[in-house]
Every structure is written in C-alpha cells, then in structure tokens.
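What follows is a single structure, written as structure tokens, with notes after it.
Read-outs throughout are calculated quantities, based only on the coordinates presented, and are distinct from any laboratory measurement. For clarity, every value in this text was computed on a predicted model and none was experimentally measured. When we count neighbours, we look across all protein chains shown, and the Cβ atoms used for this are built from the backbone with ideal geometry, even at glycine.
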Amino acid sequence: MYLTREEEKMYSGEYGPAVEKSMEILVALGDIYGADGMVEIVSAQISGVSYKTVGDVGLEYLEDLAGEGAQVVVPSTLNPAGVDLDQWKELGFPAEFTKKQLLIVEAYRKMGISTTCTCTPYLVGNVPPLGSHIAWSESSAVCYGNSVLGARTNREGGPGALSAAICGRTPNYGYHLDEGRVPHLLVEVETSLNGADYGALGYLVGKAVGNGIPYFKLVDEQQKKPQVNQLKALGAALASSGAVALFHMENTTPESPEAMPYTKNLEKLTVTREDVDDTRGKLSTSQKPDLVCLGCPHASLEEIKEVALKLDGKKLANQLWVCTSISVKAASDRMGYTRIIEEAGGHVVCDTCMVVAPIEYMGFKVIGVDSAKAANYVPSMCGLDVVFDEWENLIAIKK
Amino acid sequence: MTSHKIKCRKISRGHVTGSVIISQEPLSFLGGADPQTGNITDREHDLYQQNISGKILVIPSGKGSTVGSYVIFQMAKNKTAPLAIIALEAEPIIATGAIMASIPMVDQPEEDVLEILKEGDRVEVDADHGIIKLKK
C-alpha cells in the first residue's frame, strides 16, 4: 500500500507509540482489504464503549493508549455507554458496573473524544458533508452516514475507528470508492409505510440483501416522503438483520440519481403489506412489556415531543425509558418534555440504550420496543423477551 | 541444520522463534480462547482443551466478534498469548488484536503451511521481513 511521507513518519514511530500502533492497524486493515492507500477523514464515531461489550480488557487497552498520550485529530464522538452517565443511581444501574463504565469514558475523554455517547452522531453535530470520508463504527450510524448524508465510511470496528481518529486517515477501499456504492438489489415497496413499518421493512430487506446495497422505490401513492426519524429506523434495521452499510432511496437519498442507472438489470424484490405485517409479527417473542424502551437509534427531539404530548397529565402503568443523547436531552429539558415524561412516571435516559445497558440484571423480563433493531438484539444480547409494536400501543396508561 | 524459508506478508511486526501448534479450522478468540489460561475453550474446535500460550499459532483464518481483538490483547497482558500467529488469510479481528497485543503475525504464506508444518516444529517468524523459516 502507498503511504505518503507523513504517513510513513506515523508508521515508523516519529509521532510516538500511540500513533505508530494506530497506523500499523490501519496499514494491516488496508492490506487485508486491498486498499491502494489512505484517505484523510473529517469525522470519526467510535464503538467499544459499553463495559458490557469491551469489559476489563477494553478498559485496560484504552487506559494504556490514553496514558501513551494518544489524541484524536478529527471531530470524534462515542457510541452509547452501558449506563446513563449522570442519572445512573436514580435509574438503578449497578454501582460496580458504573464505576468501570465511567473509567472507560474517562479514557476516551483524555484522548480528546467528545463523550456524547450516542448512536446518532448526526443529531448532535457530528454531521460530515456529502462525499467526505469518515470512519464510523456504529452500524446504524454507518448506514445513515453513507445513505442519508452521502458521506463515505466502511463498517469500522472499534479499534479501527479509534486508530483512524488518531491518525486522521483510513484505508481507501470499499464504500470509500465510487464502485463500492453501486446497488445490488432493487426493492419495490407496494404498501405505504408508517411508524414501526420502517424498521420491519429494513429487517426483511436486510435479511434478503446481506451485506449488499439495496435501492428502494416507494411506489404506493399514499406514501409520504420519509424523513430523518423514518430513515434512521430503516437504516438501523437494515444494518442489524443484514450487514447493510448503504442504501439508496429514489427521490430521497443524495446518491440515488447516480445509482438509478444501475437498477435496470438488477434482481427485484417486491414488498407487500402482507410481507411487512408478517415481519412485524415475527419480531415479537412475548406480550405485555414491563419496560418500554424507545430511542433505538437514540430519539430525536421530535420523537421525545410526541411521547410527551401523549403523556401530558397522565400516569404510566408500565415503566418507560426514552433513550437519547445528552445533547437532545438538554433540549428536551428546556422544552419541558422531560418533566412531562417524568411526571407520568417515565424517564428520559441518556448515553445508553436497551441493547448495551445491563437491563437483564435490573429486574426486567419483557421489553417493549418500536425498533426492529432492538427487537433483533434484546433477546440475543440480554436474554429477555420483546414485544415489537408502535410505541403508542406499548405504553400502558393508568385508568 | 538446514532451514526451509517461506515468504509471507507482514501483518504485525516482530521476530521470534518457537514451536508451532496447528489448527485446520478458523478460530474465534471471543468465546473460543480462555484469556486466563490460554486454553482453547470452543468445543467445536480441533484445538479444544489445548493450550496456545507461548506457541506459534498456525490457523487458516479468524472469525467471530470484533471484541475478539481485545481478547488477544488480554492474553498478552496475562502472558497467555501465542508467541506469534501465522494465518493463511488474515482477517481484521485477529490482525487488529495481534497489533494491539504486539504479537508478530504474517499471512499469505507462499506454501501450504498447514501441510508442511507439523505440531512441535521449530519455526522462526520474521514478520518484519515477511519470512518464516522452518528449522529441521
């Protein structure tokens, strides 16, 4: 692989051991994937934050790296942690787990990474422009960044994204190249989509396309143009049932005009109402949730507003978490939404979510979700039952 | 003593000599290896219950979760890690783990090392120059 003189200096240790090791990881990844060289990146988003996933060894690695003086050189944000970093005690997160979690986040903070722990960096100001190269690792954010923003990233692992953030570069292969962004499957959706349908659609198409690139055409006349919240739900589901890093949607995503000519000879998948309903049914493993968890991916201010309007002056009969980032929560606090939700008995939880939090140790049995991604992971990662439905149907109001 | 040289590709730096342990199957370090002991714990794996600490591990490839990279690092901290890794084809998880743990690693050997090498053979892994030497 070709390295510039500057990159050679990084590789040979002139900038210290942290940069040297990071560059060595990037070169090895580039060699494995056949990259011709490096591209400079403008943004990083780093996974491997929850103590539940990286454990003591992850903590040790990060503390070593921070101790060597590693610093990121591009705007970088973190993936969700395993606890709400501020309200962990009130919400019942285990103290020992939290102690380790706070140390992990502190190691990242020392490296200059913003400790906004969120799977929706694009809602907190980490918004790279069309055509820019980035290194993101949260799978749903990768899908959103590539598809909706038109930035370019592979599905990075945690150490790969961190190395890229430290060197300001990533190997040039895959989704960084024009030829890596060509669609593989045409998906014609014949029914109009609402609410949790977007997740169900993503889940069934992700299974069909695997790690390929779907091109969506929404052909129903009643169909409204999907917006941020719908596209984030669709992308998250595509990336969890398959390994989708990029989708195109006609008249919606920025690269769909370039992608369209390639759809002429593609295999076509037609999705009907029956297909969507069938998938929705299959995603539930139980009924009657004791904890309803919304915000997978992390809720936007508009999504929190809808919940607040619904709960105003009412009392909840089951528990409710609306998961989001600290930035969106701050706006929700100021708008009065957090207070309304709390007065109804719910919580606006930040920094974490139902997948990476240790909810299996917090006394919950059945989790209600409106996210197909969460419905996919809660049984496998937490060993709990799930109910997948519209959030309005999941929350129970006291009579 | 003669030595049989085989060209490889460097994945992770370093230069060591040791005896080999050979697997015919891809290995996942997460769930597949015990970082406390260096034992292989995957019941489906052909190295099940064998110890890879301080050996030159020869495998076709890696597989499994990306957290596997951290497991290799943990093994190095615990001094239970393999001495070096020779893979037919490196994949990101073990490659990243080997670099994090400062374990020499090479891949794409020009000859079929799974055939040529036998358990316990003395091998020199010179990752820096992309060469392995079989000492007989």
| field | Inter-part distance where the range A:62-122 and the range A:172-199 are each reduced to a Cα centre, Å | value | 32 Å
| note | CD proxy, 222 nm, chain A: helix-only mean residue ellipticity via -39,500 (n - 2.57) per DSSP H run with n ≥ 4, per residue, nearest 500, stands at -11000 deg cm²/dmol
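Just order A:109-118, B:34-43, A:165-174, A:134-143 by mean Cβ neighbour count inside 10 Å, highest at the front, would you? Present the calculation step by step, with values, prior to reporting the outcome.
Details: A:109-118: 20.7, B:34-43: 15.8, A:165-174: 24.8, A:134-143: 28.9.
Put in order of decreasing packing, that is A:134-143, A:165-174, A:109-118, B:34-43.
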| message | Please report Rg (one decimal) and Dmax (integer) in Å for the Cα set of the protein assembly as shown. | response | 24.1, 88
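Compute the semi-axes of the equivalent ellipsoid of the range A:272-399, taking the square root of 5 times each eigenvalue of the Cα gyration tensor, and list them largest first in whole Å.
Values: eigenvalues 106, 51, 43 Å².
Equivalent ellipsoid semi-axes, largest first: 23, 16, 15 Å.
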| task | Report the relative contact order of chain A, percent, no decimals, based on alpha-carbon pairs under 8 angstrom and at least 6 residues apart. | result | 17 percent
| said: List the residues, sorted by chain then number, that are 5 or more residues from A:Q45 or on another chain and whose placed amide H is less than 5 Å from its amide H. | reply: A:T77, A:A135, A:W136, A:S137
| task | Would you please calculate the Kirkwood hydrodynamic radius of the range A:182-281 over all C-alpha pairs and express it in Å, rounded to one decimal? | result | 13.2 Å
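Classify the range A:1-50: rounded, prolate or oblate, from the alpha-carbon gyration tensor (a ≥ b ≥ c, eigenvalue square roots; a/c under 1.5 rounded; otherwise prolate if a/b is larger than b/c)?
oblate
Can you give the average number of partner chain beta-carbon atoms within 10 Å of each beta-carbon in peptide A:56-67, as a whole number? Spell out each step's value before the answer.
Values: counts 4, 13, 5, 1, 4, 7, 1, 0, 3, 1, 0, 0.
Mean partner-chain Cβ count within 10 Å for A:56-67: 3.
Defining a contact as two alpha carbons under 8 Å apart and six or more residues distant in sequence, what relative contact order in percent does the range B:3-135 show?
On the way: 358 pairs, mean separation 51.7, N = 133.
It comes to 39 percent, rounded to a whole number.
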| query | Residues of B:61-73, mean number of Cβ from any other protein chain within 10 Å of their own Cβ, rounded to a whole number? | reply | 4
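What is the diffusion coefficient of chain B in µm²/s, taking the Kirkwood radius over Cα pairs and the Stokes-Einstein relation at 4 °C with a viscosity of 1.567 mPa s? Working shown, then result.
Numbers: Rh = 14.2 Å.
Translational diffusion coefficient: 91 µm²/s.
Counting only other chains, and only Cβ atoms inside 10 Å, what mean value do you get across the residues of B:91-100? If you can, show how the numbers build up before the last one.
Values: counts 3, 9, 2, 0, 7, 11, 2, 3, 11, 9.
Mean shielding by partner chains, rounded to a whole number: 6.
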| query | Restricting to the protein assembly as shown, what percent of DSSP beta bridges are antiparallel, rounded to 5? | reply | 35 percent
